[in-house]
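Engineer: A single structure is presented below for examination.
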Amino acid sequence: MGHDPAAALIDDQGAIVAAIEEGKLGRTRSFGGIPRGAIRFCLERARIRWQEVERVAIASQPGRAFFRKALFRARLAPLAPISSAYYFNKALGELGRELNNSRILQELAGGAADRVINYDHHLCHAASAYFGSRFEKSLIVSLDNQGDGRAGIVGLGERTRLRELSSIPFPNSLGWLFTQITSLLGFSTSASEHKTQWLSLSGEPVFADIFMEMLRRGPKGVPHLNKNISNGTSGESFPSAGSSIAGSGFRRYLSSNSLRKTPTTGCA
């Protein structure tokens, strides 16, 4: 329930009854928190009430997100104590906000305490990509900014099950780097990354090699951020370099699982 929250209603057969982003109803991209309008829209479209909803799923686990962020900042504290303290307090504030949102949602839903369930952010991305596809078995790649404190996962979807194969820890994040380039270009982060994509269509990938070095593959084949590379590059080269790193880095998972298909998902 951070940026761009949305709601979807799914029936007992797995079919989507209604779905909409809160920002579409409010005509804004800056909304955050509980998507009350989107929830109301879904219930009205299905002509049901809260009491008729069997389960409420939230695509985040605030406790795990805080633990991962706090551990990351603790490792950096000896090198950058001031900034680490700042971001630790920021993560603590985010935890409080998300726990409060979950409490309010529980009150809105009513019923038993286990009616509202929190799921891993990246597994939710993976589920939306895999279960919405026609594949019986497939590799799944979720790349995000830092959903639940992680940059992404590589998973395997097989019939009705999802299995995580590898986790990509923050800060080795394609989404985070894309957000930084968006900020350097003068656009708002977590809102205007699509403008960076549009600009890349008219540019030339003259800095592609630098981005390839920034996103060099780690020992497990997944993207690994090179912290020795400084700022000062432009965004036109990032999409081609990022897709090349992602594609080549995940090929070993395809071959090891005898797969050809790879749904990808995620958001910055």
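Engineer: Please tell me if F66 is touching a Leu at 6+ places or on another chain (Cβ under 6 Å), closer than 23 Å to L95 by Cβ and of a type in the set (F, W, Y). Steps first, please.
Structural biologist: Working: touching a Leu at 6+ places or on another chain (Cβ under 6 Å): yes; closer than 23 Å to L95 by Cβ: yes; of a type in the set (F, W, Y): yes.
The answer is yes for F66.
Engineer: Kindly evaluate R115 against the criterion of being in contact (Cβ under 8 Å) with a residue 60 or more places away in the chain, touching a strand residue (DSSP E or B) at 6+ places or on another chain (Cβ under 8 Å) and within 29 Å of R161 (Cα to Cα). Steps first, please.
Structural biologist: Values: in contact (Cβ under 8 Å) with a residue 60 or more places away in the chain: yes; touching a strand residue (DSSP E or B) at 6+ places or on another chain (Cβ under 8 Å): yes; within 29 Å of R161 (Cα to Cα): yes.
Against the criterion (in contact (Cβ under 8 Å) with a residue 60 or more places away in the chain, touching a strand residue (DSSP E or B) at 6+ places or on another chain (Cβ under 8 Å) and within 29 Å of R161 (Cα to Cα)), R115 qualifies.
Engineer: The conditions are (1) within 29 Å of H194 (Cβ to Cβ); (2) free of Cβ contacts under 8 Å to residues at least 24 places away in the same chain; (3) out of contact with any Pro (no Cβ under 8 Å at 6 or more places or on another chain), and G96 fails exactly one of them. Which is it?
Structural biologist: (1)
Engineer: Just to check your reading of the model, which residue among E213, E204, E193 is of a type in the set (D, E, K, R) and surrounded by 14 or more Cβ atoms within 10 Å (Cβ to Cβ)?
Structural biologist: Numbers: E213 fails: surrounded by 14 or more Cβ atoms within 10 Å (Cβ to Cβ); E204 fails: surrounded by 14 or more Cβ atoms within 10 Å (Cβ to Cβ).
When all the criteria are applied, what remains is E193.
Engineer: Still on this structure, I have one more. Taking A126 as the residue in question, decide whether it is outside the structural domain of R40 (by TED's automatic domain parsing) and either farther than 21 Å from I153 by Cα or in contact with a Gly (Cβ under 6 Å, 6 or more places away or on another chain) (or both).
Structural biologist: On the way: outside the structural domain of R40 (by TED's automatic domain parsing): yes; either farther than 21 Å from I153 by Cα or in contact with a Gly (Cβ under 6 Å, 6 or more places away or on another chain) (or both): yes.
So A126 passes the test.
Engineer: Also, quick follow-up: Being small (G, A, S) and surrounded by 13 or more Cβ atoms within 10 Å (Cβ to Cβ) is the filter here, so list the residues in segment 65-109 that pass it. Reasoning before the result, please.
Structural biologist: Step one: filter segment 65-109 for residues small (G, A, S), giving 65, 70, 74, 77, 80, 83-85, 91, 93, 96, 102, 109.
Within segment 65-109, A65, A70, A77, S84, A91, S102, A109 qualify.
Engineer: To continue, here is another question. Which count do you get for residues in segment 40-98 that are within 30 Å of P171 (Cβ to Cβ) and touching a strand residue (DSSP E or B) at 6+ places or on another chain (Cβ under 6 Å)? Please lay out each step first, then the result.
Structural biologist: Of the residues in segment 40-98, the ones within 30 Å of P171 (Cβ to Cβ) are 57-98.
Checking which are touching a strand residue (DSSP E or B) at 6+ places or on another chain (Cβ under 6 Å) leaves us with 57-58, 61.
Here the count works out to 3.
Engineer: In segment 111-156, which residues are out of contact with any Lys or Arg (no Cβ under 8 Å at 6 or more places or on another chain), over 24 Å from V53 (Cα atoms) and of a type in the set (A, V, I, L, M)?
Structural biologist: I140, V141, L143, A151, I153, V154
Engineer: Taking the conditions exactly as written (closer than 21 Å to D4 by Cβ and modelled with pLDDT of 85 or more), does A191 satisfy them or not? Full working, then the answer.
Structural biologist: Values: closer than 21 Å to D4 by Cβ: yes; modelled with pLDDT of 85 or more: no.
Taking the combined requirement at face value, the residue does not satisfy it.
Engineer: Here's a follow-up. Residue by residue through segment 160-188, note down the ones that are modelled with pLDDT of 90 or more and loosely packed, with under 15 Cβ neighbours inside 10 Å.
Structural biologist: R161, R163
Engineer: Next up: Hey, among R75, R45, R159, which residue is under 22 Å from I20 (Cα atoms), more than 19 Å from the chain's Cα centre (by Cα) and without any contact (Cβ under 8 Å) to a residue 60 or more places away in the chain? Lay out the reasoning, then the answer.
Structural biologist: Working: R75 fails: under 22 Å from I20 (Cα atoms); R159 fails: under 22 Å from I20 (Cα atoms).
After applying the criteria, what remains is R45.
The values are calculated or read from the model by the stated rules, or taken from the named source; none is laboratory data. Here the structure is a predicted model, which means the values were calculated and not measured. Because the Cβ atoms are built from the backbone with ideal geometry, glycine has one as well, and the counts that use them run over all protein chains shown.
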